[in-house]
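Please read the structure below before turning to the comments.
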């Protein structure tokens, strides 16, 4: 094997690793959109809160982010469903513009709160149990990135299993397909909406926890991920969980490989160009419904 | 069994139902007939809980259910087969039927109901792994009715069961409705196909512009001058 091939392969796989995190964030976003047609602009803030939950668990009680991860997931699930009941529930039938302003308002609220409570500084978790590098077949990866990617696969797999194999998951899918018909089946549609927000927030929170071992933690960190999450959701097809998963990996590869070939300043431009191509050629996304 | 008392319903403040009252006795087949856009579907939707009441009461077996959410009414025994069927087209026949039994916990009883549904509509058993959206209109209607029965209702609301299906299948569907009724399920039926509906109904109501204008037995209405002139072409 020659050296340039190794570098290319290394870059490609790095793209897949970060892409899996993008996938998890997008799965949460697409789930909320799929079930109730509301775009959650505060989705990146759920990720940010997941990072801070990991950070404070580590800073205050020396609990590793990997250990606190299930609690982070539960906390964000609770926060997501609480936000549904307290805020979103009131705007379900409101015009789309009001819905956009509402979730955008949540974004500003959570960012502001994080700045106010935890200062705008960059924080890092320096001595997690996952650190260092792993080498095999001439390639080298950070252990945190590998663990994060594995965690993202597991959590996406759990969400997929839940939707495909459980009664509640079937009810959630039925609600996404047709709210009135779901209600006529005896499904409590309000409860399904809250569940979608809970799961959506938990996905983003877990992604935040997985990122916290190798990514700086700061109040605006969600902004780095939300734009990519929107591209991923559109690429995968709005509302499609499987689509979001594969699209996340594609976006990760395009970003990292393209950045490597053309220069890092073009990373985001390439991702957005990919989005434009999809919108032009296949507006319903890879696995979306036409 | 069901008593609808002076209900009013509006869409975005535009009144759709003005003071509608009707009743369905236990074991009856009752039809609501009338032209398009006169509030027949809205009446069924209001009974199922999909439309909010501005006034009036809906009493099911001595209990006012008019303010309950749709899913709570399903638990109390009201099941609706909506206009246009509203199946879950990307789910299999079996999954659609399972969702129909969503409120029921006893899997042995659900299995019994499923066998009854398959006896009524053998084609559903043959097609149970097929996606609902890929079946013919008639088969989809059978699935919609089967799904409605999976909730084990006391009262089945049927909105235009002959909509979009081949004429020879209409007879089969209406015969099946009579057979379902014979098992003790009360039926409230909305139908465009007036002659057919009145032929199987014990009693019927005629609706015009959000009001009930006539009530009587199926036979009486078939012979009434108003119905003849307005709907049966003199």
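The values are calculated or read from the model by the stated rules, or taken from the named source; none is laboratory data. Bear in mind that the values here come from a model prediction, so they are computed numbers and not experimental data. Using ideal geometry, Cβ is built from the backbone for each residue, glycine included, and neighbour counts are taken over all protein chains shown.
Descriptive notes on the structure:
- Residue list for the range B:155-172, restricted to those being away from chain A (no Cβ under 14 Å) and in contact with a strand residue (DSSP E or B) (Cβ under 8 Å, 6 or more places away or on another chain): B:160, B:161, B:162
- Verdict on residue A:263 being surrounded by fewer than 19 Cβ atoms within 10 Å (Cβ to Cβ) and on the phi > 0 side of the Ramachandran plot: yes
- Residues being in contact with a strand residue (DSSP E or B) (Cβ under 8 Å, 6 or more places away or on another chain) and at positive phi - total across the range B:2-18: 1
- Qualifying residues in the range B:124-139 (those that are surrounded by 18 or more Cβ atoms within 10 Å (Cβ to Cβ) and assigned to a helix (DSSP H, G or I)) - the one farthest from the other protein chains (Cβ to nearest Cβ): B:138
- Within the range A:204-212, the presence of a residue that is within 14 Å of chain B (Cβ to nearest Cβ), surrounded by 24 or more Cβ atoms within 10 Å (Cβ to Cβ) and touching a residue at least 40 places away in the same chain (Cβ under 8 Å) is excluded.
- The helices (runs of 4 or more DSSP H) falling completely within the range A:76-188 that include 1 or more residues that are away from chain B (no Cβ under 14 Å) map to A:96-118, A:143-165.
- Residue B:197 meets each of the listed conditions (1) part of a helix (DSSP H, G or I); (2) under 19 Å from residue B:39 (Cα atoms); (3) more than 13 Å from the chain's Cα centre (by Cα) apart from (3).
- Test result for residue A:251, surrounded by 23 or more Cβ atoms within 10 Å (Cβ to Cβ), away from chain B (no Cβ under 14 Å) and at pLDDT 95 or above: yes
- Of the helices (runs of 4 or more DSSP H) lying entirely inside the range A:199-290, those containing at least 2 residues that are more than 23 Å from residue A:153 (Cα to Cα) span A:241-262, A:267-281.
- Residue match in the range B:206-225 (condition: buried (at least 18 other Cβ atoms within 10 Å of the Cβ), closer than 16 Å to residue B:44 by Cα and touching a helix residue (DSSP H, G or I) at 6+ places or on another chain (Cβ under 6 Å)): yes
- Against the list (1) part of a helix (DSSP H, G or I); (2) in contact (Cβ under 8 Å) with a residue 40 or more places away in the chain; (3) closer than 18 Å to residue B:185 by Cβ; (4) within 14 Å of chain A (Cβ to nearest Cβ), the condition residue B:104 fails is (1).
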